[in-house]
Ligand SMILES: Cc1cc2nc3c(=O)[nH]c(=O)nc-3n(C[C@H](O)[C@H](O)[C@H](O)COP(=O)(O)O)c2cc1C
């Protein structure tokens, strides 16, 4: 698949078939995470793979009833929970290097986009889910305090095609030379 086609064609998929994802296909998706760029190549990400339907339905309780991705958590055969180890990205000798503090949200974001694009290129669907009770998920999965639960995504074969939500025009977010005065 052409890179631009993958970037433009990837959609948030919220309806899944029950068909399983082969282990070698899952490995390809995880390989894409492995090659994401990160602060000083620190690779702070951790991915928890959950296939057990009981655990997936337990985890779905961490989402509010009005989260549009709610049903996909139990529907898709695989759930990937993306976490980041704190105090690595953006740090040097245990001290933050910049005023931005921990860059784990940034680096795990890059890893997640790699994951979603690779999944899409393999015919799989994903939807990044960030709006949930992170503490509850950490407790259920035994994630230690030193690691931040960031986002999750179901992984499986799409049951329906989603329409692309509209994007802003380039002229709305690109400024040449200087940020415009208000
Ligand atoms: C950081 C982040 C958090 C998100 N959280 C949720 C979520 O909790 N529930 C959901 O249904 N979609 C969630 N989404 C998906 C966005 O709604 C979706 O990416 C956006 O509407 C654009 O649609 P597209 O992915 O099909 O291009 C999230 C996306 C991002 C990047």
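Each reported figure results from applying straightforward, stated rules to the coordinates on display, with no laboratory input. Remember, it's a predicted structure, so these values are computed and weren't measured experimentally. Positions of Cβ are backbone-derived with ideal geometry, glycine not excepted, and every protein chain shown enters the neighbour counts.
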Q. In square nanometres, what is one fourth of the surface area of the convex hull spanned by the alpha carbons of the stretch 1-57?
A. 5.9 nm²
Q: Determine the calculated [θ] at 222 nm for the chain from helices alone, applying -39500 (n - 2.57) to every DSSP H run no shorter than 4 residues and normalising by the residue count; nearest 500 deg cm²/dmol.
A: -10000 deg cm²/dmol
(Q) If packing is taken as the average number of other Cβ atoms within 10 Å across a peptide's residues, how do 59-67, 4-12 rank, most packed first? (A) 59-67, 4-12
Q. Which three extents, in whole angstrom, do the alpha-carbon atoms of the chain cover along their principal axes, largest first?
A. 49, 40, 34
Q) Hey, what did the chain get for relative contact order, percent, Cα under 8 Å, at least 6 apart? A) 33 percent
Q. Under a plain spin-label model, where a point goes 7 Å from the Cα along Cα-to-Cβ, how far apart in nm are residue 92 and residue 105?
A. 2.4 nm
Q: Give the peptides 123-131, 111-119 in descending order of average Cβ contacts within 10 Å, highest first.
A: 111-119, 123-131
Q) Which shape class applies to the stretch 77-182: rounded if a/c is under 1.5, otherwise prolate when a/b exceeds b/c and oblate if not, where a ≥ b ≥ c are the square roots of the Cα gyration tensor eigenvalues? A) oblate
**Q.** Inter-probe distance in nm under a simple model that places probes 7 Å from Cα toward Cβ, at residue 1 and residue 169
**A.** 2.9 nm
Q: Grab the beta carbon distance between residue 181 and residue 133, set R0 = 35 Å, and tell me the FRET efficiency rounded to 0.05.
A: 0.25
